[in-house]
Amino acid sequence: MTDVSTSPPRVLRRSRPRRAALPPGPRGPALVNTARMVEDPVGSLTGWHRRYGDVFTVPFLVFGVGVYVADPEAIRSLFTGDQSDLHAGEANEPLSPVLGKRSVLILDGPEHLRHRRLLLPPFQGSAVAAFRAVIRDVTAAELARWRPGEELVLRERMRTLTFEVIARAVFGVTVPARIDRLRDALTSLLALQPLFFLPQALRRDLGRLSPWGLFRRRLAAADALIYEEIARRRADPALDERADVLSLLLRARDEDGGALTDRELRDELMTMLLAGHETTATGLAFAFDLLGHHPEVLARLRDELAAGDGDRYLDAVVTETLRLRPVIDGAERTLTRPRVVGGHELPAGIRVYPAIAVVHLREDLYPDATAFRPERFLDGKADAYTWLPFGGGIRRCIGAALAQAEMAEVIRAVVLRADLEPVRADPEPVVLRGITLVPRHGTPVRVRRIAPAVPHSTA
Ligand code: HEM
């Protein structure tokens with residue numbers, strides 16, 4: 001029963017200020033919008049963009065009301081300038097049981113910047129160049145397992161490969177048994193991914209067989225291995241000469257001379273392992289799907305690589321793949337204060353999504369936008385606010401250079417050594433799974449031919 005004595009008088013209720021009107025958008029219920037996004041994310045977003053313009057509002061289940069922004073100028077002003085009223089870590093909070101509260105993905109404000117400054121150097125320039133050798137080794141080992149006539153689901157194979165790369169780049173672990181233990185612990189933890197989004201009330205450890213109990217035990221097992229690697233590395237007399245990310249982080253100091261604690265290191269290592277492998281594997285699966293269905297692009301790439309002169313075209317293939325098939329459809333910023341975005345005044349608390357997938361398909365920026373044409377990127381670098389697969393500003397993906405190097409090296413090795421035939425006649429439909437865009441069937445291919453490894457062929 002309503003307690004009338006505490007209800008505000010009607011007249012008062014009506015005179016409450018109205019929430020600022022949100023930009024237009026689909027009127028259907030959140031359930032319908034969410035279902036459309038899951039099944040056809042790119043078609044839904046571009047359809048809404050055509051109908052409602054550069055700034056549109058969509059209510060979703062779980063994530064609530066979001067405002068998409070598809071205007072590069074408005075995105076530029078979200079990514080640059082004062083960021084104090086924009087949070088990105090807040091929306092990642094559901095991942096905190098796995099990543100920990102001290103992960104760069106979860107933190108906001110000055111603490112986020114402190115972590116980011118410490119994490120960036122191992123992922124820049126020369127450091128990434130050093131990882132190329134690791135990527136080539138891991139790819140060669142993967143290709144050695146492929147047999148003519150075999151059918152492969154490339155996204156699965158690429159996931160194993162990219163996990164191995166990130167584990168070796170981050171931990172510098174080369175002992176196979178230790179990589180295997182880490183992989184097993186993390187894959188069994190990742191198998192419980194749907195639980196990451198359990199509401200707080202259901203996150204209860206009710207014994208070994210309860211879902212949260214199982215999660216807690218698998219998490220503890222993975223943590224034990226990560227802490228073991230941290231302890232080994234701290235005790236390594238050659239720490240100062242090592243180039244892996246963990247060693248660089250152990251040596252890194254912030255402006256006040258402070259170092260990351262073991263807890264902070266654990267959270268960042270877990271973040272890199274999780275953020276760094278599925279995304280790259282999906283990017284690779286999309287690349288092979290597009291190459292498989294565009295024989296003219298594949299032939300040019302193969303010819304140029306075989307002639308030892310293909311790096312520019314190879315990089316353009318990676319750039320064009322990430323344009324046409326971005327793995328993340330939109331970056332995310334939560335407003336902590338009202339802010340004008342693309343000419344609309346938006347209230348505090350609203351989630352704003354720079355609409356990566358929509359910007360990448362704008363005809364005014366990319367003529368014949370739905371065509372796969374690496375040539376577009378042969379003449380120059382992609383622009384920071386119109387090519388956004390890695391987001392931007394102070395939250396731009398830390399692993400962007402590593403991911404692009406990894407995609408390039410894996411594509412190079414596969415194109416030079418293997419003939420893959422797409423199992424499906426048409427390019428893969430793009431669907432939303434979790435928070436990433438993925439090829440619906442995981443890009444199944446048949447191995448028609450696999451050439452023996454040629455030493456130095458990838459130099
Ligand atoms: C093709 C592969 C990848 C894609 C498409 C991708 C995409 C993204 C995107 C869109 C963001 C959010 C950016 C923003 O909000 O502005 C992000 C953040 C991040 N990514 Fe990646 N990523 C990839 C690979 C990697 C790799 C290999 C690592 C390994 C270190 C990594 C680590 C991170 C981290 C730590 C953040 C959080 C940065 C912050 O909040 O300051 N990612 N990534």
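Any read-out appearing in this document is the output of simple, stated calculations on the displayed coordinates, not a laboratory observation. All values derive from a computational prediction rather than experimental measurement. All Cβ positions, even for glycine, are placed from backbone atoms using ideal geometry, and neighbour counts span all protein chains on display.
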For the stretch 135-151, take each phi angle, set θ = phi - 60°, evaluate the Karplus expression 6.51 cos²θ - 1.76 cosθ + 1.60, and give the result in whole Hz per residue in order, putting x for glycine and proline. 4, 5, 4, 5, 5, 4, 5, 5, 5, 5, 8, 7, 10, x, x, 6, 9
ILE394 versus GLU421: modelled label distance in nm, points set 7 Å from Cα along the beta carbon direction: 5.4 nm
Length-normalised contact order of the chain, Cα under 8 Å, at least 6 apart, in percent, tallies to 25 percent
To the nearest 10 degrees, the tilt of helix 211-234 (Cα long axis) against the first principal axis of the alpha carbons of the chain is 50 degrees
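How large is the translational diffusion coefficient of the stretch 132-219 in µm² per second when you combine the Kirkwood radius over alpha carbon pairs with Stokes-Einstein at 37 °C and 0.692 mPa s?
On the way: Rh = 15.2 Å.
Here the translational diffusion coefficient equals 215 µm²/s.
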Placing one identical point scatterer on every Cα of the stretch 189-284 and ignoring solvent, what is log10 I(q)/I(0) from the Debye formula at q = 0.10 Å⁻¹? -0.39
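Sort the following peptides by mean Cβ neighbour count (other Cβ atoms within 10 Å, averaged over residues), highest first: 221-229, 248-256. Numbers along the way, then the final one.
Details: 221-229: 16.8, 248-256: 13.9.
Highest-to-lowest ranking by the protection proxy: 221-229, 248-256.
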Over the stretch 17-107, with a single point scatterer placed on each C-alpha, what log10 of the ratio I(q)/I(0) does the Debye formula yield at q = 0.13, 0.15, 0.21 1/Å? -0.59, -0.77, -1.17
Could you list the residues of the stretch 160-182 with an amide nitrogen less than 18 Å from a label point located 7 Å from the Cα of GLU241 in the Cα-to-C-beta direction? 172-175
Got a sec? How would SER103, SER126 order by Cβ neighbour count within 10 Å, fewest to most? SER126, SER103
What percent do you get for the relative contact order of the stretch 114-269 when only Cα pairs under 8 Å and 6+ apart count? 26 percent
Linear extension gain, SER84 paired with ARG253, 0.36 nm per residue minus alpha-carbon span: 58.4 nm
Neighbouring Cβ atoms within 10 Å as the yardstick, rank LYS381, LYS101 fewest first. LYS381, LYS101
Answer in debye to the nearest 20: the dipole magnitude of the chain about its Cα centre, from +1 Lys/Arg and -1 Asp/Glu charges placed on Cβ, is 1460 debye
Treating the Cα atoms of the chain as identical point scatterers in vacuum, please give the log10 of the normalised Debye intensity I(q)/I(0) at q = 0.08, 0.14 Å⁻¹, two decimals. -0.51, -1.51
Before anything else, pin down the relative contact order of the stretch 24-68: Cα pairs under 8 Å, at least 6 apart, normalised by residue count, whole percent. 42 percent
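Take peptides 429-440, 411-422, 268-279 and line them up by average Cβ neighbours within 10 Å, highest first, as a rough protection proxy. Don't skip to the answer; put the middle values down first.
Numbers: 429-440: 17.0, 411-422: 19.2, 268-279: 23.1.
Ranked by mean Cβ neighbours within 10 Å, highest first: 268-279, 411-422, 429-440.
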